[in-house]
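So the structure is just underneath, and the comments pick up after that.
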Amino acid sequence: MITASACAKMILCGEHAVVYGQPAIAVPVSDLRVMVSAKPAEQLMFTLADTGLQILDLAADAAITQIARLTLDALHIAPPPVEMHITSTIPVASGLGSGAAVSAAVARCLCQIAGKTLPVETINQLVYEVEKMHHGTPSGIDNTVIVYERPIYFVRNQAVEFISINTPLHFLIADTGIPAPTKISVGDVRRLYEHDPEKIQPILDAIGALVCDIQQQLQTGNAETIGALLTQNHQYLQQLTVSSPELDNLVNAALQAGALGAKLSGGGRGGNMLALVTPETLPTVKTALLAAGAVRVYETSLMGANKA
Ligand code: PMV
């Protein structure tokens, strides 16, 4: 049996502004993963554990078959006769990158089946192609952090920069339970921008400046300052209209329960928010998030995630 996997991701800061050329920081969430296992079959097919007995063959017009076709082309091989079984612990459509993780895991599994390797950047580009088919104009941040599985400072169309995180940071990720397609919030920000660029551009610039501050703080290690900057980032995202009453409610609940900072993460309107906590405040903030309506709360830590 051949197996491969890929992690989830969380956008720490800079979402939406990153679409307009500002920097953003994203980190892998390695505890949540898509797993793919392959066993011999009559032809290449995909079975999806999450959606019951769904079976896709290579002709299906789904993201899974698109990444398979692109990877097979890049490997210059014919479809192998295997059944690829996909399972996942990443919630779907909630800003944790489940789609990009499925693509990355399928591409990696096909490489193993072929007994060949593709450069990591090639896999990143293949996953990006599929993201484009499904999300319109993605910045590329999701596929990059997931494929490299390292914290990144990301600027659209620039070489990826891996960042040092020199202080232990503990996060709670809380799910509103509201699926929110990123394409819609990205489109709404675009309309806002086109309607009144003089009002929106300064907000995007301010988010970019804040991301630079956070990057420096990640190296010098002041969790309190990082928390305050994250909360400020949420306020800018409110101004871009991508928050929602549910997200604001969870952000307020986390801050009132003692989180150092809190903000929505990803496309917004629903999906997830994150709260920066300490080991001491973690249990209280988690209880507060669940009491405020979070349907799931995940814990993740960044610790000594240094440059290679
Ligand atoms: O995929 P999500 O929902 O985590 O958000 C992607 C981040 C955006 O900046 C909103 C869009 C993009 O393509 O960068």
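The values are calculated or read from the model by the stated rules, or taken from the named source; none is laboratory data. Computed from a predicted model, the values in this text were never measured in an experiment. Backbone-built Cβ (ideal geometry, glycine too); neighbour counts: all protein chains shown. Just so you know, the surface numbers come from the protein's heavy atoms only, side chains and all, with ligands and any DNA or RNA stripped out. Shrake-Rupley method; radii C 1.70, N 1.55, O 1.52, S 1.80 Å.
Computed quantities for the displayed model
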| quantity | calculated |
| --- | --- |
| Surface accessible to a 1.4 Å probe, Leu264 within the full protein complex, Å² | 0 |
| Heavy atoms of Met303: accessible area, 1.4 Å probe, square angstrom to 10 | 110 |
| Gained length - Thr137 relative to Gln239, 0.36 nm times residue gap less alpha-carbon distance | 34.6 nm |
| The chain, accessible surface, carbon-and-sulfur percent (1.4 angstrom probe) | 55 |
| Helix-only CD estimate at 222 nm, as mean residue ellipticity for the chain, using -39500 (n - 2.57) per DSSP H run (n ≥ 4) | -14000 deg cm²/dmol |
| Within-9-Å neighbourhood charge of Leu237 [Cβ basis; K, R +1; D, E -1] | 0 |
| Sequence of Leu96, Leu48, Leu192 from largest to smallest accessible area, 1.4 Å probe | Leu192, Leu48, Leu96 |
| Accessible area per residue in Å² at 1.4 Å probe, computed on the chain | 42 |
| Overall dimensions of the range 164-303 as given by Cα atoms, namely Rg and Dmax in Å | 15.0, 45 |
| Percentage relative contact order, the chain, counting C-alpha pairs under 8 Å, at least six apart | 22 |
| Difference of contour (0.36 nm per residue) and Cα-Cα distance, Val295 to Glu161 | 44.9 nm |
| Gain on full stretching of the segment that runs from Thr284 to Ala228 - 0.36 nm per residue minus C-alpha separation | 18.3 nm |
| Measure of compaction for the range 2-154 (Cα Rg per 2.2 N^0.38 Å) | 1.00 |
| Amide N of the range 85-121 lying under 16 Å from the label point, which is placed 7 angstrom from the Cα of Ala62 along Cα→Cβ | 85-90, 92-93, 98-107 |
| Ellipsoid semi-axes in whole angstrom, largest first, where each is sqrt(5λ) of the Cα gyration tensor of the chain | 33, 20, 19 |
| Highest to lowest packing among 100-111, 273-284, scored as the average C-beta count within 10 Å | 100-111, 273-284 |
| Area projected by the alpha carbon convex hull of the range 76-229, averaged over all directions, nm² | 11.8 |
| 0 to 90° range, to nearest 10: angle between helix 182-195 axis and the chain longest Cα axis | 50 |
| Probe 1.4 Å - accessible area at Asp31, Å² to nearest ten | 120 |
| Cα-Cα separations in the range 59-115 greater than 17 Å, expressed as whole percent | 37 |
| Inter-probe distance in nm under a simple model that places probes 7 Å from Cα toward Cβ, at Asp31 and Ala78 | 4.6 |
| When each of Lys9/Lys263; Lys199/Lys286; Lys9/Lys199 is checked by Cα-Cα distance, pairs over 25 Å | Lys199/Lys286; Lys9/Lys199 |
| For the chain, built as a Gaussian network whose Cα springs stay under 10 Å, the top-fluctuating residue of Ser265, Ser30, Ser94 | Ser30 |
